[in-house]
């Protein structure tokens, strides 16, 4: 008897909900419920086939927004969030994708836009189908070798002006360049003769032998592009020589 009473209450709530919707909203809701993919997006569930067969890539969280929908229990809620991520697969140009996925409420603060890397699964036949793989650590990926005309670290070291680069902060980008060197993001204080000290953010490939030099306060020789003061390349060979003295 209690079960029938509970079901009657649920149907009553559903009637009240549908009565409050205009025809366009009701049609949209009906389409979502009829479409398995749309239903998955509504509930933030992940396609098991994508998790099992999808390509493993690295995702940089660009933004995260709660949709107002939550699944799970009252004691363990899982808000459905809209994620916007920069996706990188091996030897493939990076691109931006969006997807909805439910995550434990307690884990939401760990997804910091612009800083948090996650593992993602990508449909090999449709790269727009992306989901976060919370069972994996962000993989190390090899960045695509793209000829954009931008100065390389080698060209800056060859033609740039000498400076000193003092490490403030570093973070691995979970990526390698085509030569196999791990890429790091740096916050650096630049000391250049005739110029006031300045702070920049830069990315540099780092040889494995130089990773021990990546500590706050490390003062290393570098070169700066003559026309682009934010484009700095650290001279790793010279830095190792100085550290060995």
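Read the figures in this text as sums done on the coordinates, not as results from a lab. A quick note: this is a predicted structure, and the numbers were derived from the prediction, not measured. FYI the Cβ positions are ideal-geometry reconstructions off the backbone, even for glycines, and counts take in every protein chain you see.
Multiplying the residue separation of residue 208 and residue 105 by 0.36 nm and subtracting their alpha-carbon distance yields 33.3 nm. Size of the range 153-244 from its Cα atoms: along the principal axes, largest to smallest, the extents are 35, 25, 23 Å.
Sorting the segments 132-138, 170-176 by their mean number of nearby beta carbons within 10 angstrom, highest to lowest, gives 170-176, 132-138. Across the range 46-138, Cα-Cα distances exceeding 23 Å account for 20% of all pairs. Between the range 82-113 and the range 201-245, the C-alpha centres lie 30 angstrom from each other. Highest average first, the peptides 43-52, 160-169 ordered by how many other beta carbon atoms sit within 10 Å of their residues are 160-169, 43-52.
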